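Participant: Questions regarding the structure given below will be posed in turn.
Where a number appears in this text, it was derived from the coordinates with a stated rule and is not lab data. None of these values were measured; they are calculated from a predicted model. Here Cβ is always computed from backbone atoms with ideal geometry, including for glycine, and neighbour counts include all displayed protein chains.
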Amino acid sequence: MDLSPDHTNAYLGDGVAETLINALTNVPGLSVAARTSAFSFRDKVEDVREIGRQLGVATVLEGSVQKSGEQLRVTAQLIKTSDGLHLWSQNFDRSASDIFAVQDEVARAVVAALEGKLVARPDTVLVAEGTRNPAAYDAYLLGRYHWNKRTTTGMVRAAEYFHEAIRADSNYAQAWTGLADTYVLFGPAEYSVPGINQDSILTLAEQAARKAIALAPQLGEPHSSLGEILEYRNKWEEAGDAFRRGIALSPRYATGHQWYSYHLMVWNRWDEAIKEMERARELDPLSYVIVVSLANAYDAGDRPADAAPLYEQAQALSPEHPLTLVLLFDRELVLGRIDTAASDYRRLLIASGTDSARASDIERRLRDPHLRVSEFRRIADSAVPYLGVAIHRFLDGDDSTIAFLARLVKSPRRDEVNGAGLNMSLNPRLRANPRMQDVMVELGYPRPLAHGANQ
């Protein structure tokens, strides 16, 4: 929580919290909720028992940061989720330049309060110092603060701050990692910035990730970033090696497991992909993208009963997120529930900016037995490819779906076919079809082994 007089230091509180999460994660015997899940309760008035239930934790560390000029106050308290009992609390008043030492002090105090429940009490510094330069650290925190907003504007600001951090300390590995993460989202992903050449920005992303690895080989995060970058460059074998290296170095980094799961889906190694996404959810149970991705993986793996509660959770976390609505639309079509699919599509249109009256008229046409086929075909030809995949599969089966994608690959819309949308819209059976593999190879994907679904 930001208690600074001008309320402009929210990024600092976020940074301190994230640093403490990373530090405590490395304590043997201590299981710590990941950033996304923990931050979902930020600035909310929530009963500590409910927080414990949702995160699956026995204790909660909460606190605040107040900065005035060069003076810094960090307040922290440790609370049992079973009964709300305060185990420990303390104020830390320091110079702002002592932020690194304060974070280590807080982490050690938490470990001391929990001692007896841990496997071992660490005798080394808990907070790894990526930099000793306060200006570099401040800029890095601002970069991550804007990066975590997951907006195009936020990504632009994030890149500016990561560059500022690197100018202040060119050996700051975390800042190089942040820059790599930002650049990879600039180009082929959903935060594309007009006028940026994708190949050039991916080259910069790869250079930043490799710089971070050279500076701090023990960090797993830049290896996972490199894996994501190499996938976009169709270097699939190298990407797999990078993901596995990242997980080996940072096994509690939820995003590393999430990205590796997508990688395994490409190879049609479905059982392994589901296990990796399950591990990601264990580490970050309230991450929207992980929850909805696991729901989709269960559905594609013919486990609809496991998927259903996760779709409900995804909608609770982000009620009208387009990705959830797309996946629900596909799911309802597979189950033959046309009216429900029509309702999901109306909600998707509204969430994407379509006028409510127009969206309702399309829903009406989809519900009408005499109009629905022509309306579905119209949508399939004009909507994003993964919606077209769902509709063609529903209307005419796998052969029609493969023919639809094969046409798009040879059309001006080729670039729309690639990426996460395609990856999440193909089930193991469709991926195993040799003709589907031909389409994917033409897009730069690898050709899975013939027995790929459960290898």
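Participant: For the stretch 271-392, what number results from the quotient of the Cα radius of gyration and 2.2 N^0.38 Å?
Facilitator: After normalising by residue count via 2.2 N^0.38 Å, the value is 1.10.
Participant: Also, I was wondering about something else. Given the convex hull of the Cα atoms of the stretch 134-251, what is a quarter of its surface area in nm²?
Facilitator: The directionally averaged projection comes out at 6.7 nm².
Participant: Specify the angular offset, from 0 to 90 degrees and rounded to the nearest 10, of the alpha carbon long axis of helix 99-114 from the longest principal axis of the alpha carbons in the chain.
Facilitator: Approximately 90 degrees, to the nearest ten.
Participant: Ok, one more. Compute for the chain: radius of gyration divided by Kirkwood radius, i.e. Rg/Rh, restricted to C-alpha atoms, rounded to two decimals.
Facilitator: 0.99
Participant: Once Lys and Arg get +1 and Asp and Glu get -1 on their Cβ, which of 432, 362, 341 lies farthest toward the positive end of the dipole of the chain?
Facilitator: 432
Participant: Still on this structure, I have one more. Which of the peptides 315-322, 297-304, 438-445 is most tightly packed, and how do the rest follow, judged by the mean count of other Cβ atoms within 10 Å per residue?
Facilitator: Values: 315-322: 14.1, 297-304: 19.0, 438-445: 16.2.
Per-residue Cβ counts within 10 Å, averaged per peptide and sorted highest first, yield 297-304, 438-445, 315-322.
Participant: What is the helix-to-structure angle for 173-186, meaning the angle in degrees between its Cα long axis and the longest Cα principal axis of the chain, kept from 0 to 90 and rounded to the nearest 10?
Facilitator: With rounding to tens, the tilt is 20 degrees.
Participant: Ranking request for peptides 68-74, 10-16, 410-416: highest mean number of other beta-carbon atoms within 10 Å first, then the rest in descending order.
Facilitator: Details: 68-74: 14.7, 10-16: 21.0, 410-416: 11.3.
Output ranking for 68-74, 10-16, 410-416: 10-16, 68-74, 410-416.
Participant: Right, another one. Cα-based Rg (one decimal) and Dmax (whole number) for the stretch 198-269, in Å?
Facilitator: For the stretch 198-269, the Cα-based Rg and Dmax read 11.4, 34 Å.
Participant: For helix 152-168, what angle does its Cα long axis make with the longest principal axis of the chain, in degrees from 0 to 90 and rounded to 10?
Facilitator: Relative to the chain, helix 152-168 is tipped by roughly 40 degrees.
Participant: From Cα pairs below 8 angstrom and at least 6 apart in sequence, can you work out the relative contact order of the chain, rounded to a whole percent?
Facilitator: Averaging sequence separation for qualifying contacts and normalising by length gives 10 percent for the chain.
Participant: Compute the relative contact order of the stretch 134-251 as a whole-number percentage, counting only Cα pairs closer than 8 Å that sit 6 or more residues apart in sequence. Working shown, then result.
Facilitator: Numbers: 184 pairs, mean separation 23.3, N = 118.
Worked out over the stretch 134-251, it gives 20 percent.
Participant: Round to a whole angstrom and tell me the spacing of the C-alpha centers of the stretch 53-84 and the stretch 357-420.
Facilitator: First find each Cα centre; the distance between them is then 49 Å.
Participant: Provide the convex hull volume over Cα atoms per residue for the stretch 326-455, in Å³.
Facilitator: 108 Å³
Participant: Further, regarding this structure: When the helices in the chain are scored as -39500 (n - 2.57) per DSSP H run of 4 or longer and the sum is shared across all residues, what 222 nm value do you end up with, to the nearest 500 deg cm²/dmol? Each step should come with its number before you reach the end.
Facilitator: Details: 24 runs with 286 residues, N = 455.
Estimated from H runs of four or more residues: -19500 deg cm²/dmol.
Participant: Follow-up question, since we're still on this one. Work out the length of the dipole vector of the stretch 209-256 about its Cα centre, built from +1 on the beta-carbon of each Lys and Arg and -1 on the beta-carbon of each Asp and Glu, and round it to the nearest 20 debye.
Facilitator: Taking the Cα centre of the stretch 209-256 as origin, the dipole is about 140 debye.
Participant: Please report, to one decimal in angstroms, the Kirkwood hydrodynamic radius of the stretch 10-114 built from all distinct Cα-Cα pairs.
Facilitator: 14.1 Å
Participant: Work out the charge dipole of the chain with +1 on the Cβ of Lys and Arg and -1 on the Cβ of Asp and Glu about the Cα centre, then indicate which of 60, 246, 298 is farthest towards its positive end.
Facilitator: 298
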